[in-house]
């Protein structure tokens, strides 16, 4: 199963692609999509959307996962981040992909073991969990962490769903 993790941002959106086969994860690719600060908000959102669509077409993931937005002290920044996140979520949804969402603390806890891990810790663990991965940007490492988190929780959800179906005698 090919998964894409997305770490949304208006200026820089990270993306990371992994393959998940059971509990085995392997690195496929990662990078960032950027927008130019001098452009209007609509033009910047268009750039993000086009960039994410390009990545989706190039790597053809089966599912997507996006980091949830945390609330900044600055309401204007939070609203702009929310708009960027909406565009980032829309791209895989328009291609028919399921899109999961995970809070930042859960992603860090899943990858590092603590929900308040610093970005360098996340990057180190991503490199340890995905041999061959060497994300050059923290946003790309964060996106790979989102994909790892989704792989872990997605597998748990499927196992739980199968157990429920068996318990109900296959009526689901």
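Quick notes on this one:
- For the range 2-167, convex hull of alpha carbons as volume per residue, Å³: 121
- Alpha-carbon Rg with Dmax, taken over the range 58-122, Å: 13.7, 37
- Spin-label pair residue 121/residue 1, simplified geometry with 7 Å Cα→Cβ offset, distance in nm: 2.8
- FRET efficiency estimate (nearest 0.05) - Cβ-Cβ, residue 136 to residue 54, R0 25 angstrom: 0.85
- For the range 110-154: Kirkwood Rh in Å [reciprocal of mean 1/r, alpha carbons]: 10.4
- Gain upon complete extension [residue 40, residue 72; 0.36 nm per residue less C-alpha separation]: 9.4 nm
- Relative to the longest principal axis of the Cα atoms of the chain, the long axis of helix 119-129 makes an angle of roughly 40 degrees.
- For the chain, calculated [θ]222 nm from helices alone, where every DSSP H run of n ≥ 4 adds -39500 (n - 2.57): -17500 deg cm²/dmol
- Peptides 32-43, 76-87, 3-14, 140-151, ordered by how many other C-beta atoms sit within 10 Å of their residues on average, highest first, read 140-151, 3-14, 76-87, 32-43.
The numbers here are math on the coordinates, done by the rules we state, and not lab data. Note that the structure is predicted; figures quoted are calculated from it, not measured. Backbone-built Cβ (ideal geometry, glycine too); neighbour counts: all protein chains shown.
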